[in-house]
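Comments concern the structure below.
A short reminder: the numbers here are calculations on the coordinates, not readings from a lab. Values in this document were obtained by computation on a predicted structure and should not be read as measured data. Cβ coordinates were reconstructed from backbone atoms using ideal geometry, including for glycine residues, and neighbour counts include every protein chain displayed.
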Amino acid sequence: MIAVQRLDENPCRPRHFKPPPCVAIIPDGPAKQALEACRSRLLVTGGLFALVFAVVALRVVEIVAVGGGTAESQIARFRAVTEPAPSHADILDRNGNVLAATLDSPSLYANPKQIVDATEAVNKLVRVFPTLGAAEVYAKLTSGKSFVWIRRHLTPAEQYDVNQLGIPGLEFEHEERRVYPDGDLTSHVVGYTGIDNAGFAGVERGLDDVLRGRREPLELSLDLRLQYILREELQRVIDDFTAKGGAGLIMDVNSGEILAMTSLPDFDPNRPTAPDPEHPSIPLADRMFNRATLGVYELGSIFKIFTVAMALDCGTATVGSTYDASHPIRIGRFTISDYHGKHRVLSVPEILMYSSNIGAARMAVAAGSQTQREFLARLGLLKPPKIEVSEVGTPHYPAKWREVNVMTIAFGHGISVTPLSFATAAAALVNGGILRPATLVKLPAGYEPRGRRVISAKTSEQMRKLMRLVVEHGTGTMAAAPGYVVGGKTGTADKVSGRHYAERKLLSSFVGAFPINDPKYLVLTMVDEPHPNKQSHGYATAGWTVAPATSRIIQRIAPLLGVQPVDESSPEVQRALMVESLQGKRIEAY
Amino acid sequence: MIKLSTLFWLVLASAVGFAMFAVKYGVQSLEDELNRTKRAIIAEQHAIRADEAEWAYLTRPETLDEMNRRHLSLGPMSTKQLRTSVTDIPLRAVAPAVENPIVAVADQPAESPQSSIPTSTVASISPEKPTDGPQLSKAPPPKASAKPVAPRRPRSLDELIAQVAASR
């Protein structure tokens, strides 16, 4: 009012100016109603806004104070670039050497609809890939489809060359490829994969589920250095004695870890179907066959260690027991005779030392068929071995365990097992009597998996002493490795051909453990059909073939494994390996 | 008065708007850079994987064996080369005292055939040696004969051990 008055009182005010009324004019009637409606609408709108802002404010408080929902929802937008996990984890050996790796490998495809000049494109492509069929590629490029593979799995250099060609319509598809840097060295253990990285053999197949979608590499128990030595020495035996093939493995007897396992002939997992450049005549099926885990063999005399252990453990024999081995045993149509015949009564150590079939047969008969079957079952020899590779062989053994079977099984005929099963069981005989499953996966250092007691510690100790005798005085003298106290057993089996045993076809094997006074490692070597040569004086038996190889292997691997050499003639070692029943007796050379 | 506050809010609003867009574009460019870096890291990781595989290929036992054969000819370690403790190492025999000290010094580095004989026995014998051997000169035996192990600076580990063993 004051302002109005003041304006009115202003003498300089224009005449036509009328000051606006400053007091709210309260309209009546319909105008008032309209104003009220406006006000209420404003209120509702304001309320809505307030509500929305309250929600926003609450959300802000939630994000800041409470943590704001899941972290994933916040970083989702930053996930534009992430590394795709390799479809399969790498495989390493126990020292971290790469055995199998998944690498990026682009594949070249074409969109024929975008190809301008097919003839020129083909000419250029053939220059980069000389092995590519020009006619075939031309047919593909003029097919009118919108997607044709030109070549899978290019090397980086090839990819660069194709990019340099600058042909429109050629594209790369991101793919992965398994590479095996060590090639045929670990072929049977690691195995190989197909073009889409599905495991086809070995650990690749056996542990496919584990490897798939795993980021951390898988460490195997394998030691690449040992693997190389084992394979090289085995190959040497095969070459020297023109054998068909062979298998070998090195095992940690206290943990069951397999440190090396090889089967020869083998293949290159990078090109599994390509012929071997050095031996093109060997059929593919033979090279792909894993003799160590899939092949089942009548291993022959090395089985006698089980016969002796059984007899000692169940009490039907002591180390001092004797068996008449003066005459061959005739049973049914079989005649059991000795290869290194002594034609006299032999004691238990002598049966093992001279590898007497007659003695072993009599020992097994004395124990009985039930005991023998149960004992072999306890050692896991009547079931396929459990191992991480997919190829495992089912043992063959007689359904009805008759007396003749008892006798032949006593010296390793009439029962076929895989070398792996044999080694696992033999490790239990020397390690104190605990059977531990063989494994290809690296165990933590010092970890001893829980095993199953199969023989008493005392029997195991006796077995170690007897196996030492075989190397000291018996059939396995060539396996001796001075300083490493090797103990073992030779085995030379006649192979079955058709329904008969073939005299000329042998399977020579040797199982050795060292240092036998406190066994740490076991070496099993086997060669299939060795032929005598001049150096071996016409022999192809285990004592002349695989026993010297075992000696060489042990001398080479022991320093790598950290085994301290000892003086074998020292009183401590002599005392630890003394066989009481032979004390004071002259030990006859076999 | 009213105009001033309006101006203030206008400026504030535009400043906030500008800041918001600046931050937004800043974040976007940072995100782009992050993605670029991530892509580079992944490319680098793939390259490393390829290099690791290549390294494994280049250092496979077969190649190393071949290279060793060509350049080094190292053989497997024999048991003779392994000793469990220092005391197992045979002590080098002290060179028998000779008249001409120059010859004695020249002989020392060469492996003596008596190297396996413990020092104590040699030390007890050596003073008598000059009398057995032919007298090459009239000069009295040098100090070396009186003190078989002269405490001088050892030139090799064997010498050091021999000295320590002799002084015990």
Report task. Go through the range A:440-457 residue by residue and turn each phi into a ³J(HN,Hα) via Karplus (6.51, -1.76, 1.60, θ = phi - 60°); whole Hz please, and just put x for glycine and proline. Result -> 9, 9, 5, 9, x, 4, x, 7, 10, x, 5, x, 10, 6, 10, 9, 6, 4
Report summary line: Given pairs A:K442/A:K465; A:K465/A:K585; A:K304/A:K495 and cut-off 21 Å on Cα-Cα distance, the over-length ones are A:K442/A:K465
Query - the range A:380-457 versus the range A:189-228: alpha-carbon centroid distance in Å - result: 24
Query raised in the report: Which angle from 0 to 90°, rounded to the nearest 10, does the C-alpha axis of helix A:546-561 make with the longest principal axis of chain A?
Result: 40
Query - Within chain A, percent of DSSP bridges classed antiparallel, to nearest 5 - result: 95
Query - Estimated distance in nm for a label pair at A:D286 and B:S167, the labels positioned 7 Å out from Cα along Cα-to-Cβ - result: 6.9
Report summary line: Quick shape check on chain A: root eigenvalues a ≥ b ≥ c of the Cα gyration tensor, a/c under 1.5 is rounded, otherwise prolate if a/b tops b/c, else oblate, and it reads prolate
Report summary line: With A:S356 itself left out, Lys, Arg at +1 and Asp, Glu at -1 over residues whose Cβ is under 13 Å from its Cβ give +1
Report summary line: A:H340 and A:D324 label points (each 7 Å along its Cα→Cβ direction) are spaced in nm at 2.4
Report task. Please sort A:125-131, A:369-375 by packing, taking for each peptide the average over its residues of neighbouring beta carbons within 10 angstrom, highest first. Result -> A:369-375, A:125-131
Requested in this report: Mind pulling the angle between the C-alpha long axis of helix A:118-128 and the longest principal axis of chain A? Nearest 10 degrees, somewhere in 0 to 90.
Outcome: 50
Query raised in the report: If Lys and Arg each add +1 and Asp and Glu each add -1, what is the summed charge of the other residues whose beta carbon sits under 10 Å from the beta carbon of A:G483?
Result: -1
Query raised in the report: With the Cα gyration tensor of the range A:520-586 giving a ≥ b ≥ c as the square roots of its eigenvalues, does the rule (a/c under 1.5 for rounded; else a/b larger than b/c for prolate; else oblate) give rounded, prolate or oblate?
Result: oblate
Query raised in the report: Suppose every K and R has +1 on its Cβ and every D and E has -1 on its Cβ; what is the size of the dipole of the range A:392-476 about the Cα centre, in Debye to the nearest 20?
Result: 240
Query - the range A:177-318: C-alpha gyration tensor shape, a/c 1.5 cut-off, then a/b vs b/c - result: oblate
Requested in this report: Quick one: what are the phi-derived ³J(HN,Hα) couplings along the range A:404-410, Karplus 6.51/-1.76/1.60 with θ = phi - 60°, whole Hz, x for glycine and proline?
Outcome: 5, 5, 4, 5, 6, 5, 4
Report task. Rank the residues A:D208, A:D324 as a footprinting-exposure proxy: fewest other Cβ atoms within 10 Å of their Cβ go first. Result -> A:D324, A:D208
Report summary line: When B:T63, A:T550, A:T477 are arranged by how many other beta-carbons sit within 10 Å of their Cβ, fewest first, they go B:T63, A:T477, A:T550
Requested in this report: Arrange the peptides A:344-355, A:41-52, A:92-103, A:412-423 so that the one whose residues have, on average, the most other Cβ atoms within 10 Å appears first.
Outcome: A:412-423, A:344-355, A:92-103, A:41-52
Report summary line: A:E461 and A:V55 label points (each 7 Å along its Cα→Cβ direction) are spaced in nm at 8.3
Query raised in the report: To the nearest 20 debye, what is the magnitude of the charge dipole of the protein assembly as shown about its Cα centre, counting +1 on the Cβ of each Lys and Arg and -1 on the Cβ of each Asp and Glu?
Result: 1340
Query raised in the report: Counting other Cβ atoms within 10 Å of each Cβ, which trypsin sites (Lys or Arg not before Pro) in the range A:401-480 have at most 16 and sit in a DSSP loop?
Result: A:R402, A:R450
Query raised in the report: Can you give the alpha-carbon Rg of the range A:106-174 over 2.2 N^0.38 Å, where N counts its residues?
Result: 0.97
Report summary line: One finds the C-alpha centres of the range A:286-334 and the range B:18-43 to be spaced, in Å, by 74
Report summary line: With only helices counted (DSSP H, runs n ≥ 4, each -39500 (n - 2.57)), the per-residue ellipticity at 222 nm for chain A, to the nearest 500, works out to -10500 deg cm²/dmol
Query raised in the report: Using Cα atoms only, what is the angle between the long axis of helix A:30-61 and the major principal axis of chain A, expressed in degrees (0 to 90) to the nearest 10?
Result: 20
**Report entry** Sequence-separation-based contact order of chain A, relative, with Cα cut under 8 Å and 6+ spacing, percent
**Finding:** 13
Report summary line: FRET efficiency for B:V27 and A:D117 from the Cβ-Cβ distance with R0 = 56 Å, rounded to 0.05, comes out at 0.75
Query raised in the report: When Cβ neighbours within 10 Å are restricted to other protein chains, what is their mean count per residue of peptide B:41-53?
Result: 4
Query raised in the report: Most exposed first by the Cβ proxy, i.e. fewest other Cβ within 10 Å, how do A:V546, A:V189 rank?
Result: A:V189, A:V546
Query raised in the report: Hey, if you put +1 on the Cβ of every Lys and Arg and -1 on every Asp and Glu Cβ in the range A:288-354, which of A:V319, A:S347, A:G295 ends up farthest toward the positive end of that dipole?
Result: A:G295
Report summary line: Once phi for every residue in the range B:63-78 is put through the Karplus expression 6.51 cos²θ - 1.76 cosθ + 1.60 (θ = phi - 60°), the whole-Hz ³J(HN,Hα) values, with Gly and Pro written as x, are 5, 4, 4, 5, 5, 4, 4, 7, 10, 10, 6, 7, x, x, 6, 9
